[in-house]
Amino acid sequence: MDLTVADRRPRLGVLIDVVLVLGIAALTAACSWAILTRPSIYWVDLIFDDAYYYLGVARNLAGAGTSSFLPPFETNGYQPLWVMLLAVTARIFGAGERDLALQLTLLSGMFCALFAVLSKRCYGRLWPAVLVSAGFPAVMAWGMETVMLPVFALLFFNARTHGARGLFAAALFLARLDALALVVMRDAHRLFVRREKLSTLAHWLVLGPVVAAYFAVNWLWFGSPVPVSGLAKAVGNRFGENVVPLLVFADGAKFVLPLAAVLFVLAVRPRGALRLRYGAEILVSSLTLAVCAGYYSLMSGWSVWGWYLWPVLLLAYFLVLEACVLVRAADAPLSGAARAVVLALTATLLLSLARGAAGLFGHYLRSAREIVTHSVLFPSFGKKNVQLADDFRGGRFRPGAFIAAGDRAGSLGYFLGNGFRFIHTEGLVGPADYVKALRADAGAQFVDRLPADYLVFDRERFFDDGRVIGVAEPVQGWSAHVGPYLLCFDKTGIAARDTYADQTRMVVDYRSRIACPAGFERQFAEQRAQFGGVRQFALPGEFRGGVLKRVLAWTSSDVSRESPTSLSAGSDHPK
């Protein structure tokens with residue numbers, strides 16, 4: 001019997017939904033197979049380096065009951081719910097290197113699939129969730145805690161009772177502390193836009209005690225109510241100076257905000273206002289994006305990375321849903337010009353999401369090429385971390401060494417394992433006492449007292465006068481005028497040296513540390529005094545293009561853009 005067009009469409013939609021969910025399952029299965037069967041050097045980059053901090057802490061919570069990345073320091077430098085989920089699975093299924101990486105991959109795939117299924121259940125369409133998940137891989141595909149947020153956000157928006165809403169609001173907060181902004185913005189919308197009664201805030205009877213308990217436990221256990229990772233990023237920050245997070249958020253949302261702005265204008269125009277089906281979600285997501293961008297620009301001295309853009313993902317998701325309604329609604333009060341603008345901006349957004357998805361699949365294909373050819377075709381610091389960890393564990397360096405390392409050390413520490421001691425010089429998974437030392441400009445003295453055995457660092461540039469090298473730690477801060485310190489070593493103490501891409505990696509015997517030449521100290525002080533000076537000198541290649549480069553060109557002085565030779569010239573070597 002022939003099917004009518006109306007009959008075919010639902011069946012085609014179901015088929016597409018099934019294919020998309022099976023695609024998520026297939027990618028998750030392929031990554032899981034690689035982790036189970038191939039050496040770690042081939043799958044280390046399937047997980048982003050910062051996710052390895054979670055794996056290290058989860059391993060120790062499950063095995064020893066200590067909240068530490070590696071011995072000897074306990075830390076609260078993580079978002080709580082993700083590490084607790086991993087600790088539970090590690091307790092049940094094992095905490096080996098492959099075990100935990102597999103659990104992380106499976107949990108990530110599960111939350112991606114849940115997002116898609118909830119999208120279908122709550123809003124009638126599954127594919128927008130899959131599209132934005134692939135379009136924002138840093139949020140959804142790198143093993144970071146943000147993969148949970150879309151699931152909890154949809155549950156929060158669609159909860160029908162105050163108790164359920166409070167439960168999902170608490171899950172949002174514990175998944176990522178800045179997700180509390182989503183709850184607050186939803187409440188502000190209900191109170192001040194919809195003019196609802198204060199009873200709409202009843203979910204705080206559940207959420208409030210959870211928030212208070214989290215801060216109290218952290219204060220009692222770690223001596224800091226908030227994660228030390230956030231405190232470390234604020235060391236030395238001048239309030240209002242750091243424009244970098246704002247620019248990163250703006251760049252990540254450049255194809256999202258124009259459509260949101262046009263829909264907002266159409267919704268508030270005096271005559272023929274457009275009634276948006278998902279207007280509340282779009283407004284709340286937009287406000288959350290503004291709050292997060294403003295908070296990190298004001299309170300943090302660092303940049304932000306792709307997974308911080310989770311509010312952009314939510315906004316893009318609801319905009320795609322709204323665009324589907326507007327395109328199909330023949331009676332929508334839109335003029336021909338307005339409809340054309342909405343269609344053009346929607347097409348631009350969809351193309352940008354497709355571009356992000358293409359980048360994600362390209363990354364998977366590169367990893368597949370390496371696995372098939374049994375060779376490292378695309379060098380990366382993750383692969384170098386695996387090799388270096390093997391060298392440490394294989395006896396090339398002192399057994400049980402105390403290692404100091406900063407940026408890009410997540411996978412290094414994870415694959416080192418608990419047979420070594422570790423201090424994270426950036427402070428993200430370190431103790432609160434180290435952050436206090438950074439605030440007092442005594443970070444170097446803290447590391448000296450440990451005492452550290454080796455310093456591991458990756459840099460594009462560092463001080464070098466032929467006999468002495470100088471390297472700054474921590475290095476990631478843009479607005480960090482207090483905290484970063486300069487460590488200098490006699491070059492005879494270089495225990496290992498390697499290069500990849502435009503980076504130089506060194507392992508330096510910490511016992512070769514000497515007083516820095518006066519020229520090094522002077523130029524380091526000049527760099528630290530300016531916005532982004534230390535950061536741009538050490539790692540200039542990470543922001544070589546786009547609007548960020550142009551802004552930094554006029555916020556930084558010429559010293560950070562000089563060559564390594566000119567920076568070390570004329571230094572006074574101590575006698």
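Values for this structure:
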| read-out | value |
| --- | --- |
| Residue match in segment 517-534 (condition: outside any helix (DSSP H, G or I), modelled with pLDDT of 95 or more and over 25 Å from ARG408 (Cα atoms)) | yes |
| Which numbered condition GLY395 fails, given (1) touching a Phe, Trp or Tyr at 6+ places or on another chain (Cβ under 8 Å); (2) at positive phi | (1) |
| Candidate set: segment 243-271, residues that are within 18 Å of the chain's Cα centre (by Cα) and not hydrophobic (A, V, I, L, M, F, W, C); chosen: the one nearest to PRO474 (Cα to Cα) | PRO245 |
| Checking PRO225 against (1) closer than 23 Å to ASP187 by Cα; (2) free of Cβ contacts under 8 Å to residues at least 24 places away in the same chain, the condition it does not meet | (1) |
| Residues satisfying the stated conditions in segment 76-133, i.e. under 23 Å from LEU350 (Cβ atoms) and in contact with a Ser or Thr (Cβ under 7 Å, 6 or more places away or on another chain) | CYS112, PHE115, ARG125, LEU126, PRO128, ALA129 |
| Helices (runs of 4 or more DSSP H) fully within segment 247-362 counting 3 or more residues that are more than 23 Å from ASN158 (Cα to Cα) | 257-268, 279-299 |
| Scan of segment 379-429 for residues that are among the polar types (S, T, N, Q) and either surrounded by fewer than 22 Cβ atoms within 10 Å (Cβ to Cβ) or assigned to a strand (DSSP E or B) (or both), ordered by number | SER380, GLN387, ASN418 |
| Members of segment 174-206 that are part of a helix (DSSP H, G or I), of a type outside the set (A, V, I, L, M) and under 21 Å from PHE318 (Cβ atoms) | ASP178, ARG186, ASP187, HIS189, ARG190, PHE192, THR200 |
| Failed item, numbered, when LEU351 is tested on (1) in the same structural domain as GLY135 (by TED's automatic domain parsing); (2) surrounded by 20 or more Cβ atoms within 10 Å (Cβ to Cβ) | (2) |
| Test result for ALA480, of a type in the set (Gly, Ala, Ser), at pLDDT 95 or above, in contact with a Gly (Cβ under 8 Å, 6 or more places away or on another chain) and more than 23 Å from SER68 (Cα to Cα) | yes |
| Residue match in segment 369-377 (condition: part of a helix (DSSP H, G or I), out of contact with any helix residue (DSSP H, G or I) (no Cβ under 7 Å at 6 or more places or on another chain) and in contact (Cβ under 8 Å) with a residue 40 or more places away in the chain) | no |
| Condition broken by ARG497, with the remaining ones in (1) under 24 Å from the mean Cα position of the chain (by Cα); (2) surrounded by fewer than 21 Cβ atoms within 10 Å (Cβ to Cβ); (3) not small (Gly, Ala, Ser) satisfied | (1) |
| Hey, SER119 in contact (Cβ under 8 Å) with a residue 60 or more places away in the chain, crowded, with 21+ Cβ neighbours inside 10 Å, closer than 19 Å to LEU15 by Cα and of a type in the set (Ser, Thr, Tyr) or not | yes |
| Identity of the residue in segment 459-512, in a strand (DSSP E or B) and among the hydroxyl-bearing types (Ser, Thr, Tyr), that ends up nearest to GLN445 (Cα to Cα) | TYR485 |
| Test: residue in segment 24-37 that is within 23 Å of VAL304 (Cα to Cα), assigned by TED's automatic domain parsing to the domain that holds MET148 and among the aromatic types (Phe, Trp, Tyr) | no |
| Filter result for ALA553 (surrounded by fewer than 18 Cβ atoms within 10 Å (Cβ to Cβ), outside any loop (DSSP other than H, G, I, E, B) and modelled with pLDDT of 95 or more) | no |
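The values are calculated or read from the model by the stated rules, or taken from the named source; none is laboratory data. All values derive from a computational prediction rather than experimental measurement. When we count neighbours, we look across all protein chains shown, and the Cβ atoms used for this are built from the backbone with ideal geometry, even at glycine.
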